[in-house]
Structures are given as structure tokens and as C-alpha cells.
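Notes to accompany the following structure.
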């Protein structure tokens, strides 16, 4: 399963809603992508449940996990 998922997220820094494309793999992943508005780094956590449904969580570099 290598699906591309398009979703809207709120930047943890500037609060703007931005559209992002996330590649959903079979295992969980974490990566960094810059905000399209304020250019600050957003940390993405993508987790895949047993039924294959993805969940996406975003946070700033200063937030604890």
C-alpha cells in the first residue's frame, strides 16, 4: 500500500490551513515538511491502523511527543 493522501492541516506555528500530500506506507513514519505559508518546519507523524486507515498528526519542533 503506497497511497498518496491529500489532506488539509493547520500549521502549528502560524495556524494557517494548508493542503499537503502524504504518502501512506504500510508502517508508521515521521518526517519534516516546511509550512507553505510561514516556512517553518512541521513534524508529521503518520500512523497506519490494523485496518489500513491512516492517521496524521502534526506538531512543531518545540512540542513534545
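Among what's in the range 5-33 and is under 12 Å from the mean Cα position of the chain (by Cα) and exposed (fewer than 10 other Cβ atoms within 10 Å of the Cβ), pick the residue that is farthest from residue 59 (Cα to Cα).
Step one: filter the range 5-33 for residues under 12 Å from the mean Cα position of the chain (by Cα), giving 5-12, 18-24, 28-33.
From what is left, the residues that are exposed (fewer than 10 other Cβ atoms within 10 Å of the Cβ) are 6, 8, 19, 21, 32.
Values: 6: 18, 8: 14, 19: 15, 21: 16, 32: 10 Å.
Once the filter is applied, the top-ranked residue is 6.
Within the range 43-59, is even one residue out of contact with any strand residue (DSSP E or B) (no Cβ under 6 Å at 6 or more places or on another chain) and modelled with pLDDT of 90 or more? Walk me through how you get there before you give the answer.
We begin by selecting, within the range 43-59, every residue out of contact with any strand residue (DSSP E or B) (no Cβ under 6 Å at 6 or more places or on another chain); these are 49-53.
From what is left, the residues that are modelled with pLDDT of 90 or more are none.
No, there is no match, as no residue in the range 43-59 is out of contact with any strand residue (DSSP E or B) (no Cβ under 6 Å at 6 or more places or on another chain) and modelled with pLDDT of 90 or more.
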Filtered residues of the range 45-56 (kept if surrounded by 13 or more Cβ atoms within 10 Å (Cβ to Cβ) and free of Cβ contacts under 8 Å to residues at least 24 places away in the same chain): 45, 47
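The values are calculated or read from the model by the stated rules, or taken from the named source; none is laboratory data. Just so it is clear, the model here is predicted, and its values are computed rather than measured. FYI the Cβ positions are ideal-geometry reconstructions off the backbone, even for glycines, and counts take in every protein chain you see.
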